[in-house]
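Down below is the structure, laid out as structure tokens.
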Amino acid sequence: MIRRIFVFVSIIFLSFMVCFYGYKLIYFYNLEQKGEGIPTLTNQIITRTNKLVSVNDEYYFKGNANNNYVYFSGMYYRIISFNDFNITLICDEDVTKLKYGSNESYKESDIKKWLDDIYKKNINNKLVIDNSITLLNKDIYQNIGGIDSFIESTNIWILDNDKGLVLSEDGSINVPESYNYYLNVRPVIKVKNINYINGNGTIDNPYILESKEVKKLNDVYVGNYITYKDKTYRVINNDGNIKVVSTENIGNHIYSTSTNNYKYSSKNDLYYYLNTTYLTSLNKDNIVLSNWNNGPYNTSYKDVKSYTMSTYVGLLSIGDYFINNIEGYTLSKSGNYIYTIKEDGNLFIVSPKASYPIYPSFTLKGDLKINNGDGTIDFPYEVGE
């Protein structure tokens with residue numbers, strides 16, 4: 001009797017294994033057949049990794065994966081998952097720092113507005129699935145291994161359906177004490193399962209999904225790096241002309257000798273230094289007058305636009321790309337104080353008489369020639385005169 005039970009259980013188990021792995025074999029075979037003659041990205045993924053897990057017909061990179069890098073629209077992303085039709089990516093770095101909003105709802109959040117208004121216009125939307133731009137979801141985070149996954153958090157906003165949560169630096173998920181905290185934003189997007197160009201998914205040779213000829217400066221993406229006058233800058237906006245921010249500070253300076261002078265204007269000490277002494281090092285003929293936001297940050301990144309002035313050299317404001325990477329003064333204010341970024345990436349306010357590092361920003365003419373480079377930090381685009 002016991003022997004019969006054992007045989008029966010064994011048959012059930014073997015049948016399950018045959019069905020499970022048979023399904024996986026058929027799934028991947030179909031993917032390959034669909035892409036026969038067309039090297040899609042999923043074709044490349046399934047031939048280069050066996051560390052995938054299946055959840056509801058979606059295949060996830062689980063654990064500490066190191067072969068799921070994609071270089072897309074000027075930035076590095078990591079592949080989270082894929083299916084027959086699309087591939088889910090998460091940006092491998094924080095793109096800005098924002099308050100979440102007035103309540104827990106993502107649909108009403110300031111972050112959703114920023115992703116829809118700012119981030120979306122600066123990526124290759126021909127490849128992005130409509131309305132797929134969002135934040136990392138808690139369930140997806142668990143599917144890729146949670147604390148043991150490839151995602152290294154720097155205190156980023158994530159979601160539980162429509163509710164905002166915090167993914168802390170230790171990998172734990174927490175309800176924020178306040179949705180007015182400034183935390184980092186790391187977008188999640190879905191791209192079409194499109195033609196693969198090259199790469200093997202490693203950090204040194206990421207998958208490439210798009211080809212773009214870059215002859216002039218206005219051909220570059222937000223996120224690309226450039227060298228100009230032997231200094232390295234990062235692109236933060238492309239509206240035909242290219243706004244950049246220095247990747248290194250130019251030393252410590254006070255904002256103003258007056259505790260009441262928090263406006264960035266010709267009467268301001270920092271303004272005067274950047275638009276006289278510093279500007280002479282840039283070749284003014286290549287620099288374009290730009291608007292700089294110096295308003296208070298209250299409930300939205302849009303608040304900083306309540307005071308705007310035009311000049312050649314400024315600083316980043318809250319809501320700008322890569323503001324989380326500077327360690328010093330911004331142009332955003334709170335009352336008679338100025339928002340400043342600490343070394344750990346946190347925001348705090350200081351008196352304008354304090355001395356802090358300066359990361360200057362300016363706008364270059366978009367028709368300047370690109371002589372060399374690929375836009376990465378190791379091989380920035382070289383801007384000609």
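The values are calculated or read from the model by the stated rules, or taken from the named source; none is laboratory data. Everything numeric here is computed off the predicted structure, so don't read it as measured data. Ideal geometry is used to build each Cβ from the backbone, glycine not excepted, and the neighbour counts take in all protein chains shown.
For segment 269-382, please list each of the strands (runs of 3 or more DSSP E) lying entirely inside it that holds at least 1 residues being buried (at least 16 other Cβ atoms within 10 Å of the Cβ) and polar (S, T, N, Q). Per the criteria, 290-293, 308-311, 329-334, 337-341, 361-364.
Among the residues of segment 217-241, write down those that are surrounded by 18 or more Cβ atoms within 10 Å (Cβ to Cβ) and either acidic (Asp, Glu) or closer than 13 Å to PRO380 by Cβ (or both). Correct list: LEU217, VAL220, TYR221, GLY223, ASN224, TYR225, ILE226, TYR228, TYR233, ARG234, VAL235. When LYS212 is tested against (1) buried (at least 20 other Cβ atoms within 10 Å of the Cβ); (2) in contact with a helix residue (DSSP H, G or I) (Cβ under 9 Å, 6 or more places away or on another chain), just one condition goes unmet, and that condition is (1). I'd like to know if segment 203-224 contains one or more residues that are under 25 Å from LYS342 (Cβ atoms), modelled with pLDDT of 95 or more, touching a strand residue (DSSP E or B) at 6+ places or on another chain (Cβ under 8 Å) and not hydrophobic (A, V, I, L, M, F, W, C). Yes, some residue in segment 203-224 is under 25 Å from LYS342 (Cβ atoms), modelled with pLDDT of 95 or more, touching a strand residue (DSSP E or B) at 6+ places or on another chain (Cβ under 8 Å) and not hydrophobic (A, V, I, L, M, F, W, C). If you go through segment 147-178 and keep only what is in contact with a Gly (Cβ under 7 Å, 6 or more places away or on another chain) and surrounded by fewer than 15 Cβ atoms within 10 Å (Cβ to Cβ), you end up with ILE147, ASP148. In segment 209-236, the residues that are at positive phi and of a type outside the set (Ser, Thr, Tyr) reach residues that are at pLDDT 95 or above and part of a strand (DSSP E or B) with C-beta atoms within less than 7 angstrom, at least six apart or across chains, in these pairs: GLY223/MET75; GLY223/VAL235.
Hey, among THR363, THR330, which residue is among the β-branched types (Val, Ile, Thr) and touching a helix residue (DSSP H, G or I) at 6+ places or on another chain (Cβ under 8 Å)? Working first, answer last.
Values: THR363 fails: touching a helix residue (DSSP H, G or I) at 6+ places or on another chain (Cβ under 8 Å).
When all the criteria are applied, what remains is THR330.
I need the full set of residues from segment 243-258 which are exposed (fewer than 13 other Cβ atoms within 10 Å of the Cβ) and assigned to a loop (DSSP other than H, G, I, E, B), in order please.
To start, the set of residues in segment 243-258 that are exposed (fewer than 13 other Cβ atoms within 10 Å of the Cβ) comprises 248, 251-252, 257.
Answer for segment 243-258, where residues must be exposed (fewer than 13 other Cβ atoms within 10 Å of the Cβ) and assigned to a loop (DSSP other than H, G, I, E, B): GLU248, GLY251, THR257.
Each residue in segment 171-225 was checked for being of a type outside the set (Ser, Thr, Tyr) and under 20 Å from TYR141 (Cβ atoms), and 14 pass.
Can you pull out the strands (runs of 3 or more DSSP E) entirely within segment 158-242 that have at least 3 residues that are among the hydroxyl-bearing types (Ser, Thr, Tyr) and in the same structural domain as LEU289 (by TED's automatic domain parsing)? Explain how you work it out, then say what you get.
Values: elements: 163-167, 182-185, 188-192, 225-228, 231-238.
Qualifying strands (runs of 3 or more DSSP E): 225-228.
Can you confirm whether segment 340-356 contains a residue that is among the charged types (D, E, K, R), in contact (Cβ under 8 Å) with a residue 40 or more places away in the chain and farther than 19 Å from LYS216 by Cα? There is at least one residue in segment 340-356 that is among the charged types (D, E, K, R), in contact (Cβ under 8 Å) with a residue 40 or more places away in the chain and farther than 19 Å from LYS216 by Cα.
Screening ASP139 on (1) without any contact (Cβ under 8 Å) to a residue 24 or more places away in the chain; (2) under 26 Å from ASN86 (Cβ atoms); (3) over 19 Å from the mean Cα position of the chain (by Cα); (4) not in a helix (DSSP H, G or I) shows it passes everything except condition (4).
Counting only residues that are aliphatic (A, V, I, L, M) and not in a loop (DSSP other than H, G, I, E, B), which one in segment 55-77 is nearest to LEU41 (Cα to Cα)?
Taking segment 55-77 as the starting set, the residues that turn out to be aliphatic (A, V, I, L, M) are 55, 65, 70, 75.
Going one step further and asking which of them are not in a loop (DSSP other than H, G, I, E, B), we end up with 55, 70, 75.
Numbers: VAL55: 20, VAL70: 10, MET75: 17 Å.
So, considering only residues that are aliphatic (A, V, I, L, M) and not in a loop (DSSP other than H, G, I, E, B), the one nearest to LEU41 (Cα to Cα) is VAL70.
Is segment 318-338 home to any residue that is among the acidic types (Asp, Glu), at negative phi and at pLDDT 95 or above? Please lay out each step first, then the result.
Our first condition is that a residue be among the acidic types (Asp, Glu); within segment 318-338, this holds for 320, 327.
Narrowing the set further to residues that are at negative phi leaves 320, 327.
Next cut, at pLDDT 95 or above only: 320.
Yes: segment 318-338 contains one or more residues that are among the acidic types (Asp, Glu), at negative phi and at pLDDT 95 or above.
Only a single item in (1) closer than 25 Å to TRP114 by Cα; (2) at pLDDT 90 or above; (3) touching a Pro at 6+ places or on another chain (Cβ under 8 Å) is not met by TYR278, and it is number (1).
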